1. Which residues, counting only those in the range D:177-197, are more than 9 Å from chain C (Cβ to nearest Cβ) and either hydroxyl-bearing (Ser, Thr, Tyr) or not in a helix (DSSP H, G or I) (or both)?
2. Is one or more of the residues making up the range C:304-316 away from chain D (no Cβ under 13 Å) and not hydrophobic (A, V, I, L, M, F, W, C)?
3. Scanning the range B:198-209 for residues that are within 14 Å of chain A (Cβ to nearest Cβ) and in contact with a strand residue (DSSP E or B) (Cβ under 7 Å, 6 or more places away or on another chain), which turns out farthest from A:ARG311 (Cα to Cα)?
4. Within the set of pairs 6+ apart or on separate chains, which have a first residue in the range D:50-67 that is over 10 Å from A:LEU295 (Cβ atoms), a second that is of a type outside the set (Ser, Thr, Tyr) and part of a loop (DSSP other than H, G, I, E, B), and C-beta atoms under 6 Å apart?
5. Taking the condition touching a Phe, Trp or Tyr at 6+ places or on another chain (Cβ under 8 Å) and buried (at least 24 other Cβ atoms within 10 Å of the Cβ), does A:LEU177 pass?
6. Exactly one of these conditions fails for D:ILE20: (1) surrounded by 17 or more Cβ atoms within 10 Å (Cβ to Cβ); (2) touching a residue at least 40 places away in the same chain (Cβ under 8 Å); (3) not in a helix (DSSP H, G or I); (4) not charged (D, E, K, R). Give me its number.
7. Quick check on the range B:276-293. Is at least one of its residues buried (at least 23 other Cβ atoms within 10 Å of the Cβ), polar (S, T, N, Q) and over 22 Å from B:VAL212 (Cα atoms)?
8. Can you tell me which residues in the range B:50-82 are under 22 Å from D:ASP189 (Cβ atoms) and at pLDDT 95 or above?
4 protein chains.
Amino acid sequence: MKKRKVAVLGATGTVGQRFISLLAGHPWFELVALTGSGRSVGQRYGDAVHWLLPADVPEGVADMPVLPTDGPIDAEICFSALPTEAAAEHEAALAKRGHHVFTNASVHRMDGDVPLLLAEVNFPHVRALERQRRERGWSGSIVANGNCTAIHLDLALAPLHRGFGIERAVVTTMQALSGASYPGVPSLDALDNVVPYIGGEEEKVVAEANKVLGTWDGSAVVPAGIPMSVHCNRVTVRDGHTETVSLTLRGAPAVDEVKASLRAFRGRPQELGLPTAPARPVIVRDEPDRPQPVLDRDADKGMATTVGRVREDVVLGVKFVLLGHNTIRGAAGASVLNAELLVAERCI
Amino acid sequence: MKKRKVAVLGATGTVGQRFISLLAGHPWFELVALTGSGRSVGQRYGDAVHWLLPADVPEGVADMPVLPTDGPIDAEICFSALPTEAAAEHEAALAKRGHHVFTNASVHRMDGDVPLLLAEVNFPHVRALERQRRERGWSGSIVANGNCTAIHLDLALAPLHRGFGIERAVVTTMQALSGASYPGVPSLDALDNVVPYIGGEEEKVVAEANKVLGTWDGSAVVPAGIPMSVHCNRVTVRDGHTETVSLTLRGAPAVDEVKASLRAFRGRPQELGLPTAPARPVIVRDEPDRPQPVLDRDADKGMATTVGRVREDVVLGVKFVLLGHNTIRGAAGASVLNAELLVAERCI
Amino acid sequence: MKKRKVAVLGATGTVGQRFISLLAGHPWFELVALTGSGRSVGQRYGDAVHWLLPADVPEGVADMPVLPTDGPIDAEICFSALPTEAAAEHEAALAKRGHHVFTNASVHRMDGDVPLLLAEVNFPHVRALERQRRERGWSGSIVANGNCTAIHLDLALAPLHRGFGIERAVVTTMQALSGASYPGVPSLDALDNVVPYIGGEEEKVVAEANKVLGTWDGSAVVPAGIPMSVHCNRVTVRDGHTETVSLTLRGAPAVDEVKASLRAFRGRPQELGLPTAPARPVIVRDEPDRPQPVLDRDADKGMATTVGRVREDVVLGVKFVLLGHNTIRGAAGASVLNAELLVAERCI
Amino acid sequence: MKKRKVAVLGATGTVGQRFISLLAGHPWFELVALTGSGRSVGQRYGDAVHWLLPADVPEGVADMPVLPTDGPIDAEICFSALPTEAAAEHEAALAKRGHHVFTNASVHRMDGDVPLLLAEVNFPHVRALERQRRERGWSGSIVANGNCTAIHLDLALAPLHRGFGIERAVVTTMQALSGASYPGVPSLDALDNVVPYIGGEEEKVVAEANKVLGTWDGSAVVPAGIPMSVHCNRVTVRDGHTETVSLTLRGAPAVDEVKASLRAFRGRPQELGLPTAPARPVIVRDEPDRPQPVLDRDADKGMATTVGRVREDVVLGVKFVLLGHNTIRGAAGASVLNAELLVAERCI
């Protein structure tokens, strides 16, 4: 198979770096272009980036030039790690010019004609693309993925919502520092501290989680409408969001049924054997003290969500804790998997 | 007023150190004895302790000898920071011999004739002491305080339970490392991590919080019986437990009524102007990103609970985040305040 | 004694906050004005500041307005926590208008007519003020203090240089995050990491340490000329710089003589009993594992330097480790003590 | 080639875990046995271990039983991660019974007939094995590697000592928490802190570094005799020791010559292309702020030492900072590479 040419938009940030790391040696995609902003345009990528991942910038990428996001890009597929304003400015223009944009930005997530795609969960939502192309007159497209917190929450909620129906949920998150990008959280706010607030996050998680779990009614996504209460906190962890979840399931299934449902969960990426797909989207652990960021964030190359401590909840019915890598499955990896799915399904 | 002689039992641990720090220069109490175990017995306290607080061991204390807990102790009031097994072994014996034991240990907290005292909240529970003395034939007494997580939770819940009635609550904690004593949590488990489990803690918090909010019916405490679901986590914070709380209040009061109720809360310690009492047991902040451990754990010398982000909860009604110092108000400071209250009320 | 009116310039940063904290309730100084820049001008201080210290903004200060640094300031003494460029722009102008500026900024530290004052060490350098006023035609003055790393190094080196003579020194620092101000070091660079580089710091430490230890020859300071090699590192510590020091002393004194010299050290602030002076500028500890930031940075209210592990050095002669609070004695506290000294000595 | 059977002694600790991780899928070695102590003996390894590495226990290993170290071990080659006392008790006995023991323990490192082998540096020292077998009457052998700090120091010093000659060195270390094994450093000592002391470490580094750089005179190793002064510190880093080094080289080579010498360094493992050998033992970086633990500890799979900031030292001549992974190249990886070298050279 000939590799598809891909670009990374906003390549110097933490999510941009993850894209580059995931695309190095990708069997289907060939990274041919990188974009950035301001004074990084025109520089070697290796000089422009404050690289934050353990391994060096992949061979060949360091020497690529940083291009402006509004210039010509010789890549059909664009992975967007653009900050909000730049995404608002450029993504639609790129889709209009024929690019397929897989974006982490929040701008278009809640648009009626933009699929908020979670590859294992809501493939039918891609039908929104027909409406998108028709109404907007685009030859390309925009496919969004949810924010890091919503993605991992949805991976755990999806089999339960499908299997039982979720009536309500109360969630508290303990989110990693890398989710705030770079420079992000000042160390004086992070060290020996918890910040019990992330601007706009709680509303986003509720809206996105419900859209992903919603159904395509032929012309639009009908959100799942699950009442959810979310408390978002920033903790002193580099990577990996932890979330405690208390919820009410229809029929009040036993803890073992809940665990079995999570363990049995598979989606299209697993059926198709997509290159970036985890073997199981949800890993359920039985140890009393798992998942933990240092031990579980890299599970299945950071593409799986790990659930632990599934047990009864005296108030809402059942509760557990989940953990997932926020910049891999929670961002860049989700986009790459979405693109793989659309390629495999011949949607693009 | 002549100072009352006091001892600290289990003086070398983290809570023992807090006792010593709080008792230095106390206007009513004079520290005259320290006990320890094993090889620390017989040593100078300054040599036996691995002191972990910022200021040095208070003048005079460093040279005090570490006594065995089962030997004679020339102090009417004993503050106990004993570990569970030692508490089980020694506290009753001391009460029998006439000492008034104010204990942080969990052993006797749920005993029917032991007041689980939170000075602002349930002073009437001290009437259990009459039963305790009568049934056990003790000349002394045991008064317990709750665990660190329950104490701060109860300080915030008490005015709401009294003012409105609490129907149910879902709580997630992010607890400090000092709560696990010393050596406690290994640094390899703490750094860049969250541990979503603290053995036995969730059950303890629920039981204790309900006992404290319960009522004395003349012969026993009737627990409040509020269904509570608690998720306990350990985070990379030295001192200060953070708790997110979602709850249902009878009558569904507005957010402003909830805040007003918390702000208006005062108890006997405030009325009596006890030396260790905070000006207000609960401080309510309006900033979007407070409370935070580094900024708020030392509020009112670590004796107050700080509540922030009071807002509507779409699932349960109202939610907020609270924070308090776990080894001051959550442990040693609670005991000292309890002792002050019983002295002021002439109960001991 | 009537209190002298003082202002804090650049009051919203980390050092500005320390000034405010140290001046609250100061017996000689009354804080009457605060300045800031950009959009903070005109705001209430409490609204403009991202307060980072444990206790709240002192009563009365939160409501003070933030003034522009270039407007009229009704305070004879100005404590400057201005960033470099603002210091370059404003400090000389203020001195010209009659203010006595005690500055933490680096701009004027190495000027020939500006005393780089370390209150215990080089009071004779204040004679530079005569030249400063004469040559610059100022009615006010500028007195600088060294950078945080140099101050603590000089406190330990001064008695040794005076008592024995220092021939050379090799120093490695492990510096706290608060030294980089706010927002300063991004948490992704700080967590689980060491950054072995602080721009410009190594050169500054060498130059400043030598100027402070130098002698006033009647018209200028002759630097001490001690060859020093410094490695600067940033570590995951909130406050408190740790420095390992290996050095050669003339006459090769024994370890005990070195310790005795450090312990015997007293300066003018101690003789005069200045309000902010530590009892001893240098505390020598004998434990094998001290000093440590969490245990020793607040020694004597953060105004002392703690030295430990004094022992033989097979290469250079003697070695030890020192630690001091970087924003108290290493910055704001040094300025306040300098001002106290000049007031007590009737220099201003 | 038929794989050689290997065992890991003391397999449950942090270094034991690294051995298991490095031996999973090793092309020459097949892990057939694990030993442990106390109550872990007889358990499944997966149950006995508190696994601390990101990926799970390798497939197949979790189900292996933990054997006693003093029972029969069906493996010619034994990698020892035993604690000191257990090493003293068992290693010689195993060598006597014919096993080739590659040990991280310190017990035998300084024995005259035990090679303290650093694969790139002192292969000739293996001739000590003849004396070892002859004098001790062993059919097996003991080969030690240095401690984590000494190994990385020696990798950087070896080419300089060979190329120029080292006259003296002053070193300050900032060592990772994993070097203290598990549970190791309590989190209350690690968080927001530096501990400027590691018991016995400074002496060990000096002695071992000099033995490794020494020469085999036909019957014994003559240590290099370089005067070295070492300050050891523990910092809040999970993995990766950072060391600042100031040294005097014979002939005072220019900085560029020093860098060229480090960059040109290759040893037998590189010539032989051993499976675990890094491409280059020393990586020299030119950025002003490297190496850093989070970015460089995993360089070349954690088997290389990274050197940065090579520059003039006004006191000693030249200085730089180095960093290496303490449990990979600094421990388990060093042993595995030593074993590969002896197998390739047909010494065992």
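1. Hits for the range D:177-197 are D:SER178, D:SER181, D:TYR182, D:PRO183, D:GLY184, D:VAL185, D:PRO186, D:SER187.
2. Scanning the range C:304-316, I find at least one residue that is away from chain D (no Cβ under 13 Å) and not hydrophobic (A, V, I, L, M, F, W, C), so the answer is yes.
3. Within the range B:198-209, the subset within 14 Å of chain A (Cβ to nearest Cβ) is B:198-203, B:205-207, B:209.
Pick out the ones that are also in contact with a strand residue (DSSP E or B) (Cβ under 7 Å, 6 or more places away or on another chain) and you get B:198, B:201-202, B:205-206, B:209.
Working: B:ILE198: 15, B:GLU201: 15, B:GLU202: 12, B:VAL205: 17, B:VAL206: 16, B:ALA209: 21 Å.
If we take residues in the range B:198-209 being within 14 Å of chain A (Cβ to nearest Cβ) and in contact with a strand residue (DSSP E or B) (Cβ under 7 Å, 6 or more places away or on another chain), then B:ALA209 is farthest from A:ARG311 (Cα to Cα).
4. D:VAL57/D:TRP51; D:PRO58/D:ALA24; D:VAL66/D:VAL41; D:VAL66/D:GLN43
5. On the way: touching a Phe, Trp or Tyr at 6+ places or on another chain (Cβ under 8 Å): no; buried (at least 24 other Cβ atoms within 10 Å of the Cβ): yes.
Criteria not met by A:LEU177.
6. Failing condition for D:ILE20: (3).
7. yes
8. Of the range B:50-82, the ones under 22 Å from D:ASP189 (Cβ atoms) are B:50-58, B:61-62, B:66, B:81.
Passing the criteria: B:VAL61, B:ALA62, B:VAL66, B:ALA81.
The values are calculated or read from the model by the stated rules, or taken from the named source; none is laboratory data. The shown structure was predicted, so the numbers you read here are calculated from the model rather than taken from an experiment. Counting neighbours? That spans all protein chains shown, and the Cβs are built from the backbone with ideal geometry, glycine included.
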